[in-house]
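**Q** Have a look at the structure that comes next, please.
The values are calculated or read from the model by the stated rules, or taken from the named source; none is laboratory data. Note that the structure is predicted; figures quoted are calculated from it, not measured. Don't worry about glycine lacking a Cβ; one is built from the backbone with ideal geometry, like all the others, and counts go over all protein chains shown.
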């Protein structure tokens with residue numbers, strides 16, 4: 001059965017048909033009463049389009065016009081004598097009939113009336129006027145009592161919608177009506193009908209609720225046809241700060257801001273083309289005063305689909321939000337401009353990174369960073385940050401530094417950058433995590449302070465301090481020895497020639513100290529490099545050193561870009577260090593590394609606790625040594641941009657690894 005309930009009355013009494021319509025159609029809009037009296041018409045009507053229910057005519061109904069559902073004489077239990085179709089109609093319509101004798105107060109109910117009151121007509125119950133009134137809600141009893149009293153006394157018919165409490169305690173709404181029945185000019189009975197209208201009342205309540213929600217909703221609801229004409233527009237909400245134009249019967253495009261119209265037309269076409277999709281747009285609409293307001297519209301195509309059968313658009317005022325967004329955009333633009341100014345004009349190098357596969361990629365940098373390293377800015381962007389570091393600094397960056405910054409910790413460390421010419425730029429790094437708009441960490445802000453000049457001054461100071469120490473202590477000792485022996489030789493005509501030999505040794509030691517001091521003093525000067533064979537340099541240096549019984553091996557054929565004199569001095573000092581500290585003849589090997597070379601001996605080696613100190617000027621375990629040789633090695637490496645470290649050799653001796661050499 002559909003929403004409409006068709007009831008066919010089989011009779012020709014218009015009074016009965018009208019009463020049936022009154023009770024069914026007026027009580028519930030779903031019911032439609034049709035009449036047919038001719039047998040052939042009835043048969044063809046039922047065959048062509050079967051009704052949902054049939055009400056046959058009865059002699060009593062035709063004779064007395066009893067209300068709907070009372071088509072035959074009620075029995076003592078209230079059940080009529082009509083057939084099952086009548087009872088089915090009563091059940092479908094939730095309607096019942098009743099009649100009360102004015103003199104006796106006795107009342108007769110149909111089965112439908114019993115059902116509405118939650119009673120079984122086959123169970124003992126004596127319906128009376130007073131008993132019937134008791135079923136009504138206490139607040140409504142006075143109304144039904146007054147209505148029945150007026151009907152009995154003056155013949156005034158009534159029709160009321162009241163609340164009723166059934167025998168099993170359910171609260172229902174009913175529509176009850178009554179009218180006098182005359183006999184001999186006197187009112188001898190009241191006959192009426194009762195219908196359960198609870199569903200209708202619930203629908204009305206929901207409708208009123210929806211109407212109130214619609215009235216007070218912050219949304220404006222509009223339904224348009226496929227041509228864009230407004231078929232429906234909800235009333236303006238009191239929650240609106242402005243009054244929208246009424247556009248029913250019009251197309252709204254002229255009331256849309258000119259700058260938004262083309263977007264709105266595109267939006268409308270998308271909605272037409274995709275009925276299953278909800279499309280959203282923000283636009284400016286004109287109010288009754290000609291002022292523009294921002295609204296957000298969400299629309300979906302329901303054309304051909306009841307009950308909307310059109311394009312449903314729900315619009316909400318977003319003027320306040322747009323003002324906030326515009327103000328936020330303005331402030332953001334100001335902050336971005338300030339940030340860009342500070343970023344570019346900062347007296348330090350600055351780099352923004354993003355994370356790709358766990359590595360920092362340059363997302364942005366200031367011009368100072370690009371200029372200092374000798375690049376154009378576009379040559380820096382989107383490259384790995386480590387590509388601008390020396391090998392050692394890149395290793396530290398990838399092993400620990402970047403992950404610490406991403407974890408939210410402030411990173412402060414020394415880092416060495418490389419210019420396009422291979423010059424090392426010593427910097428002090430400060431790195432902090434970079435947060436995106438959603439709060440997620442995705443990179444860092446790295447700030448580099450160029451401390452190359454400061455570091456150079458510190459090294460110069462250290463060298464001067466070393467020279468001062470050597471002059472004040474190391475040179476004074478052999479000088480004192482020489483002076484003492486010379487005095488002895490002068491005072492003693494038979495002086496032992498050994499005195500003069502000691503003087504010669506002291507003077508030779510002084511000469512070595514002076515040479516080493518001069519070397520220390522000039523190691524940081526600019527160097528001029530050329531492509532040199534490591535094997536050739538090592539052999540030349542080996543020939544320059546007193547090697548005694550020690551052996552020498554070359555296990556490399558690589559070349560390096562270096563200054564010949566400095567690297568020769570590096571080899572000489574390392575060879576001399578190996579021979580002088582060996583208890584017996586040692587074997588010295590020069591070999592190749594992935595990024596440099598090494599010098600390894602078979603001597604006693606260097607204790608791990610002393611490996612960091614060996615490069616300090618003046619440190620020596622040989623009483624005849626100057627303590628400057630390995631310091632010179634460190635200076636030569638620094639001048640070339642190399643790194644040097646000492647570790648254990650293959651056979652337990654000392655191994656000096658020179659790295660970050662790079663290809664020749």
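**Q** Could we say that residue 307 is exposed (fewer than 11 other Cβ atoms within 10 Å of the Cβ), out of contact with any helix residue (DSSP H, G or I) (no Cβ under 9 Å at 6 or more places or on another chain) and outside any strand (DSSP E or B) here?
**A** Values: exposed (fewer than 11 other Cβ atoms within 10 Å of the Cβ): yes; out of contact with any helix residue (DSSP H, G or I) (no Cβ under 9 Å at 6 or more places or on another chain): yes; outside any strand (DSSP E or B): yes.
Yes, satisfied.
**Q** Sticking with this one: Every residue in region 345-360 that is more than 26 Å from the chain's Cα centre (by Cα) and either surrounded by 13 or more Cβ atoms within 10 Å (Cβ to Cβ) or assigned to a loop (DSSP other than H, G, I, E, B) (or both), please.
**A** As a first pass, look at region 345-360 and keep what is more than 26 Å from the chain's Cα centre (by Cα): 345-350.
Those that are more than 26 Å from the chain's Cα centre (by Cα) and either surrounded by 13 or more Cβ atoms within 10 Å (Cβ to Cβ) or assigned to a loop (DSSP other than H, G, I, E, B) (or both): 346, 347, 348, 349, 350.
**Q** Does region 199-213 contain any residue that is touching a helix residue (DSSP H, G or I) at 6+ places or on another chain (Cβ under 8 Å), farther than 14 Å from residue 98 by Cα and crowded, with 16+ Cβ neighbours inside 10 Å? I'd like the intermediate steps shown before the answer.
**A** In the first step, residues of region 199-213 are kept if they are touching a helix residue (DSSP H, G or I) at 6+ places or on another chain (Cβ under 8 Å); the result is none.
Looking through region 199-213, none of the residues is touching a helix residue (DSSP H, G or I) at 6+ places or on another chain (Cβ under 8 Å), farther than 14 Å from residue 98 by Cα and crowded, with 16+ Cβ neighbours inside 10 Å.
**Q** Still on this model: Of the residues 264, 271, which single one is over 25 Å from residue 326 (Cβ atoms) and assigned to a helix (DSSP H, G or I)?
**A** Values: 264 fails: over 25 Å from residue 326 (Cβ atoms).
Being over 25 Å from residue 326 (Cβ atoms) and assigned to a helix (DSSP H, G or I) holds for just one of 264, 271, which is 271.
**Q** Okay, moving on. Given the criteria without any contact (Cβ under 8 Å) to a residue 40 or more places away in the chain, in the same structural domain as residue 132 (by TED's automatic domain parsing) and closer than 18 Å to residue 95 by Cβ, does residue 176 qualify?
**A** Values: without any contact (Cβ under 8 Å) to a residue 40 or more places away in the chain: yes; in the same structural domain as residue 132 (by TED's automatic domain parsing): yes; closer than 18 Å to residue 95 by Cβ: yes.
Considered against the rule, which asks whether it is without any contact (Cβ under 8 Å) to a residue 40 or more places away in the chain, in the same structural domain as residue 132 (by TED's automatic domain parsing) and closer than 18 Å to residue 95 by Cβ, residue 176 comes out as yes.
**Q** Here's a follow-up. Scan region 223-254 residue by residue and report those that are in contact (Cβ under 8 Å) with a residue 24 or more places away in the chain, surrounded by fewer than 17 Cβ atoms within 10 Å (Cβ to Cβ) and outside any loop (DSSP other than H, G, I, E, B).
**A** Those that are in contact (Cβ under 8 Å) with a residue 24 or more places away in the chain, surrounded by fewer than 17 Cβ atoms within 10 Å (Cβ to Cβ) and outside any loop (DSSP other than H, G, I, E, B): 231, 232, 253.
**Q** Please specify each residue of region 562-588 satisfying the condition of being in a loop (DSSP other than H, G, I, E, B) and touching a helix residue (DSSP H, G or I) at 6+ places or on another chain (Cβ under 9 Å).
**A** Hits for region 562-588 are 563, 585, 586.
**Q** Still on this model: Among 538, 578, 562, which is the only one that is in the same structural domain as residue 645 (by TED's automatic domain parsing) and farther than 18 Å from residue 655 by Cβ?
**A** On the way: 538 fails: farther than 18 Å from residue 655 by Cβ; 578 fails: farther than 18 Å from residue 655 by Cβ.
Every option except 562 fails the conditions.
**Q** Which residue is nearest to residue 234 (Cα to Cα), if the candidates are limited to region 278-304 and must be touching a residue at least 24 places away in the same chain (Cβ under 8 Å) and in a loop (DSSP other than H, G, I, E, B)? Before the answer, list the steps.
**A** In the first step, residues of region 278-304 are kept if they are touching a residue at least 24 places away in the same chain (Cβ under 8 Å); the result is 282-289, 291-295, 297, 299-303.
Now narrow it down to the ones that are in a loop (DSSP other than H, G, I, E, B): 288-289, 291, 302-303.
On the way: 288: 15, 289: 19, 291: 20, 302: 17, 303: 18 Å.
Looking at the filtered set, the residue picked out is 288.
**Q** Still on this structure, I have one more. Quick one: would you say residue 261 is closer than 20 Å to residue 312 by Cβ and in contact with a helix residue (DSSP H, G or I) (Cβ under 7 Å, 6 or more places away or on another chain)?
**A** Working: closer than 20 Å to residue 312 by Cβ: no; in contact with a helix residue (DSSP H, G or I) (Cβ under 7 Å, 6 or more places away or on another chain): yes.
In short, no.
**Q** Take residues that are within 60 Å of the chain's Cα centre (by Cα) and either at pLDDT 95 or above or crowded, with 18+ Cβ neighbours inside 10 Å (or both) and tell me which of the helices (runs of 4 or more DSSP H) falling wholly in region 66-166 contain 1 or more. Don't jump to the end; show me each part of the working.
**A** Numbers: elements: 84-93, 111-116, 129-134, 141-154.
Those helices (runs of 4 or more DSSP H) span 84-93, 111-116.
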